[in-house]
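The values are calculated or read from the model by the stated rules, or taken from the named source; none is laboratory data. For clarity, every value in this text was computed on a predicted model and none was experimentally measured. Here the Cβ positions follow ideal geometry from the backbone for every residue, glycine too, while neighbour counts run over all protein chains shown. What goes into the accessible areas is simple: the full protein's heavy atoms, side chains included, and nothing from ligands, DNA or RNA. Shrake-Rupley method; radii C 1.70, N 1.55, O 1.52, S 1.80 Å.
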Amino acid sequence: KREKYSRKNNPAVELMKKVIAHKKNNKLSENDYYQYNKYQKITMSLNDVTPEMLEKGMYKKMPFLKDQIELCEETNKFILPISVDETASQKIYRKHPKSEKTIIKGMSSTGVNELFATGDMLSTVLKDVFTDVNIYDNDIRLLQYPFISPISSSDAISFYKFYIMDTTFVDKDKCFHLTFVPNNSQDFGFTGHLYILADSTYRVKECKLNLPKKTDINFVENMIIDQRFGELPNGGWALIEDDMLCELAYFKKILGSYQVRRTTRYFDFGFEPIPEKIFKKKGSEIKDVNAMMRDDNYWSQY
């Protein structure tokens, strides 16, 4: 229903203005150098699995699949994991002259995804879906569409309605809990929650983003993004946990729907100068010669 929403003398809006004003203090790219390690796991599962499904077609030949079904907490649907892809990498950055490189240290792919004749179509869809989301950017490019960040310097206050819910603790940090929705439910914006540190830094401790149900993106049924931020050794602030869950209806008619979960962790941040010779290597991505040969001990540390 239409409600009366005023931005004037609205405590939620005043709080968000302070969050936006403090954004620049929380950008890694303000440092002369930085580096961090990154671990990422992408798990693909058959979504909304029923016992009847496993009695048909190619699934009938694999009775062992029944033992692999699990319940997804977020969606309350039964899923069947079919593949896991893991990547361990290091990101390095230099401000002047600007240069950034990703060093791939380990790659692993396991599962039965080769049984599903989805090929390049699916990997193309996944690249569209799982772009990196940085809420400190003004605009977020997701699913080939531009979305306005809830802390966009130029548009957030006019695009979203904000509401203060209460104060709560996230980990050990006292935070203001806000919710937000687009002014117009047809617009490409997020709905979700922000947890803002209840101190003079106005940093985002956690954000939860959802795609509104009315957003008309034909192959995505549901998307949840959950991010947590933390303090770094130099007193800075950065994303340390980034979880995305997406329900895809892209192949529903052929193979049923899929759920894809991406889990990303950032750690071992450093800000000391990085040797010049690393930046001279060609390409923005450098793959370690042993990246594809890492054993179970290597992956168990993650």
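Before moving on, here are some points about what is shown:
- Excluding exposed DSSP-loop GluC sites (Glu not before Pro) (at most 16 other C-beta within 10 Å), longest clean stretch of the chain: 75-302
- Per residue, in Å², the accessible surface of the chain once ligands and nucleic acids are set aside, probe 1.4 Å: 56
- If only the Cβ of Lys and Arg carry +1 and only the Cβ of Asp and Glu carry -1, the dipole of the chain around its Cα centre is close to 840 debye.
- If you wrap the Cα atoms of the stretch 1-112 in a convex hull and average its projected area over all directions, you get 13.8 nm².
- Charge dipole of the chain about the Cα centre (unit charges at C-beta), most positive-ward option of Ile148, Gln90, Leu65: Ile148
- If you wrap the Cα atoms of the stretch 1-66 in a convex hull and average its projected area over all directions, you get 11.7 nm².
- Carbon plus sulfur fraction of accessible area for the chain, probe 1.4 Å, in percent: 49
- Where the alpha-carbon atoms of the chain are placed on the principal axes, they occupy 64, 60, 34 Å, in descending order.
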